[in-house]
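The values are calculated or read from the model by the stated rules, or taken from the named source; none is laboratory data. Values in this document were obtained by computation on a predicted structure and should not be read as measured data. As a convention, Cβ positions derive from the backbone with ideal geometry for all residues, glycine included, and neighbour counts pool all protein chains shown. What goes into the accessible areas is simple: the full protein's heavy atoms, side chains included, and nothing from ligands, DNA or RNA. Shrake-Rupley method; radii C 1.70, N 1.55, O 1.52, S 1.80 Å.
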Amino acid sequence: MMGFDAASVSDLVSSIKDVLEEQFQEVMVQGEVTNLSPSGAGHWYFTLSDENAALSCALFKGDALRNPLIRNLKDGDKIVIVGPISVYQKRGSFQLLAKRIFPAGEGQLKLQYERLKAKLSQEGLFDIEKKKEIPKFPKRIAVITAEHGAALQDFLNVMNRRSLWMDVLIVPALVQGDGAPRSLVAALKKAQAIADVDVIVMTRGGGSMEDLWGFNDENLVRAIYDCPIPVISAVGHQVDFTLCDYVADHRSETPTAAAETLSQPQTELKARLTFCQTHLKSDLFKLYQHVQLMTQKFHPKELLALMKEKIQDAHMRLKSIHLSERATELIGLPEAEQRLDEAELKLMHNMQMKSATLAEKLNRFEHVLEALNPSKVLGRGYSYVTTKEGTVLTSLKDYSKAASGSKIEIQFHDGKGLAIKE
């Protein structure tokens with residue numbers, strides 16, 4: 001024994017816990033309540049027993065709020081509990097965690113219902129993500145129900161009142177009794193074989209659990225799950241739930257509610273069309289009135305009369321302003337004449353100022369020219385010499401170039417003299 005490693009208590013209890021909780025995820029058990037004890041935290045603890053065994057049970061606060069039956073229980077009551085098995089590691093004991101509580105007097109039907117519901121739920125037949133979408137505007141509906149039942153009449157009354165174009169096909173079936181499940185499955189298959197069916201409605205009126213038991217049949221539930229066409233379950237009343245309600249793609253509380261669900265988009269469309277029709281009529285009437293008004297307003301006779309009226313009005317206004325008498329006022333002649341006189345005076349003044357300036361400048365130029373006049377220079381005793389051709393001899397060099405015996409002229413301030421170069 002010394003060569004083996006012993007497991008710890010925690011490891012062993014933990015292993016047992018994993019096995020038990022995996023194996024017994026949801027059980028249904030019936031027994032008698034004893035040792036019922038509420039806690040200050042809102043939990044309930046009790047023992048469920050029969051003549052040969054006892055089982056510890058716990059109902060925690062959240063589940064207690066969903067099971068008001070617990071407040072009226074007392075030791076000795078017989079009940080049915082649905083929930084998982086759990087192991088409390090601190091004490092190394094297992095207990096049943098109550099999730100749902102029913103009086104045992106409801107009989108075996110309730111037990112069968114809960115067992116089958118738990119089984120099918122574990123298989124995923126009720127999963128939300130697997131449900132098909134109900135068409136918004138179905139054209140053909142197959143209704144599976146009793147041919148002369150009140151549920152069918154309720155459904156048809158609503159459809160006749162609210163629907164615009166849906167084709168309703170009735171597929172008769174038994175909805176109560178031992179033959180109901182087989183009849184409903186056969187009707188479901190028949191509805192699937194009908195061409196162009198967009199949605200199937202399975203319905204009947206309310207009743208006891210025994211009356212509705214045919215809709216809890218496992219074969220029927222699986223047939224609905226496998227149906228490629230969306231299925232609406234409208235079985236019983238608001239408080240009645242069958243397994244068909246869980247597996248169907250949509251659950252309606254009553255046959256009337258199913259008809260309202262299917263016809264609601266058409267009702268909304270009809271209301272919108274009526275709204276548009278009313279506004280369209282109103283807009284068309286306003287447009288008609290406007291066209292009539294424009295037709296009358298722009299008729300050639302009306303336009304001619306309007307033109308005559310405007311011409312007469314213009315003629316009267318022209319006469320009233322007396323243009324011929326107000327010519328001087330209207331064209332602004334006095335102001336123009338005044339501006340012209342002012343311009344003339346300004347021009348004369350500018351000319352006089354310009355003339356005086358130019359005369360003064362001319363006088364200065366005259367004195368300069370007078371000072372630069374050669375004859376004035378010659379008058380002071382100067383003279384200059386030119387050749388016979390008129391070329392001025394300004395230097396001795398120019399004089400030396402002249403030929404001997406040539407004539408030269410000497411210019412004085414009062415005349416010219418001739419000389420001959422030696």
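Quick notes on this one:
- Cα-based helix-to-principal-axis angle, 300-321 vs the chain, degrees rounded to 10: 40
- Sequence-distant residues sharing a close amide H with TYR88 (under 5 Å, placed H): SER93, PHE94, GLN95
- The angle between the Cα long axis of helix 9-23 and the longest principal axis of the Cα atoms of the chain comes to about 90 degrees, rounded to the nearest 10.
- Within the full protein context, the accessible area of SER395 is estimated at about 50 Å² for a probe radius of 1.4 Å.
- Computed accessible area, SER37, all protein chains, 1.4 angstrom probe, square angstrom: 50
- Working from label points 7 Å from Cα in the Cα-to-Cβ sense, the SER14 to LYS354 distance is 12.2 nm.
- Here the scattering of the chain is modelled by Debye summation over its C-alpha atoms, one equal scatterer each and no solvent; at q = 0.12 Å⁻¹ the log10 of I(q)/I(0) is -1.10.
- Of the trypsin sites (Lys or Arg not before Pro) in the range 1-97, those whose Cβ has at most 11 other Cβ within 10 Å and which sit in DSSP loop: LYS74, LYS90, ARG91
- Full-extension gain in nm, ILE128 to LYS310, via 0.36 nm per residue minus C-alpha separation: 57.6 nm
- Ranked from largest to smallest solvent-accessible area, with a 1.4 Å probe on the protein heavy atoms, GLU260, GLU302 come out as GLU302, GLU260.
- Shown here for the range 248-299: chymotrypsin sites (Phe, Trp or Tyr not before Pro) in loop regions (DSSP other than H, G, I, E, B) with at most 11 other Cβ atoms within 10 Å, namely PHE298.
- Selection among THR387, ALA150, LEU111 by position relative to the dipole of the chain gives THR387 as farthest towards the positive end (Cβ unit charges, Cα centre).
- Surface per residue (accessible, 1.4 Å probe) for the range 240-313, Å²: 72
- Potential lengthening between ALA186 and GLU302 on full extension [0.36 nm per residue; Cα-Cα distance subtracted]: 33.8 nm
- DSSP bridge pairs, the chain: antiparallel proportion in percent, nearest 5: 65
- Between GLN264 and SER86, the modelled label-to-label distance comes to 3.7 nm, taking each label 7 Å out from Cα in the direction of the beta carbon.
- The HN-Hα couplings worked out from phi for the range 54-70 by the Karplus form 6.51 cos²θ - 1.76 cosθ + 1.60 (θ = phi - 60°) are 9, 9, 6, 10, 9, 10, 7, 4, x, 6, 5, 5, 8, 10, x, 4, 4 Hz, whole numbers, x standing for Gly and Pro.
- Net length gained if the chain between ASP167 and SER383 were fully extended (0.36 nm per residue, minus Cα distance): 63.3 nm
- Each Lys and Arg contributes +1 and each Asp and Glu -1, all at the Cβ; summed about the Cα centre of the chain, the dipole is approximately 2320 debye.
- Amide H to amide H distances under 5 Å link ALA146 with ALA173, where only residues 5 or more positions off or on other chains count and H is placed in the peptide plane.
- Going by accessible surface with a 1.4 Å probe and the largest first, VAL368, VAL33 read VAL368, VAL33.
- Take HIS43: with every protein chain present and a 1.4 Å probe, its accessible area is about 50 Å².
- Gyration tensor verdict on the range 176-261 (Cα atoms; rounded if a/c is under 1.5, prolate if a/b is larger than b/c, oblate otherwise): oblate
- Carbon/sulfur fraction of accessible area - the range 9-152, other protein chains in place, 1.4 Å, %: 51
- Computed 3J(HN,Hα) for the range 192-199, one whole-Hz value per residue from the Karplus formula 6.51 cos²θ - 1.76 cosθ + 1.60 where θ = phi - 60°, is 5, 7, 6, 5, 6, 7, 8, 7, glycine and proline marked x.
- Ordered from largest to smallest accessible area (heavy atoms of protein chains, 1.4 Å probe), the residues TRP44, TRP213, TRP165 come out as TRP165, TRP213, TRP44.
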